[in-house]
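Below is one structure, written out as structure tokens, with a few remarks after it.
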Amino acid sequence: MADRAFTVVVCGAVPCSPPETIGDLLLPRLAEVVRRTPHGVLVRGGCLLGAPRCLFQGRSEAFRDSGTYLAVQPCDTDRRPCGKAIRVGPVLARDDAEAVASWLADGDLDADRLTPRLRPARL
């Protein structure tokens, strides 16, 4: 386990993060990693995409397969950001959740070490 500090923000908007994905797959794995990391912080927030579909939360089931997005901000031990936030996602399945958790646990927060599908061009 690396001592690298980071904050990971997980999109909790229902259209992109259905409860079964975020609650059963992703959050437990991320929480486990953060608990074992002296300077890790886990935040569950709203939409990270600024997507119009998030404005219509609960009105449509059409976008429920979009997957969960995250933003990881490397920082120093005083919580000051170090570099740019790293965009991750979409997390669609257990393998994706495991890949993200392993990447965070390793502590080398280089986006190029993520599976290409988990490195979106933009959020």
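Bear in mind these aren't lab numbers, they're just calculated from the coordinates by the rules spelled out. Worth saying up front: this structure is predicted, and the values here are computed from it rather than measured. Using ideal geometry, Cβ is built from the backbone for each residue, glycine included, and neighbour counts are taken over all protein chains shown.
Here the calculated FRET efficiency for residue 36 and residue 92, from their Cβ-Cβ distance with R0 = 22 Å, stands at 0.35, rounded to the nearest 0.05.
Here the Karplus relation 6.51 cos²θ - 1.76 cosθ + 1.60, evaluated at θ = phi - 60°, turns the backbone of segment 96-108 into coupling constants of 5, 4, 5, 4, 5, 4, 5, 4, 5, 5, 5, x, 8 Hz, with x for every Gly and Pro. Please give me, ordered by residue number, the trypsin sites (Lys or Arg not before Pro) of segment 61-120 that lie in loop per DSSP and have at most 12 other Cβ atoms within 10 Å. Taking segment 61-120 and a limit of 12 other Cβ atoms within 10 Å, the loop trypsin sites (Lys or Arg not before Pro) found are 79, 84.
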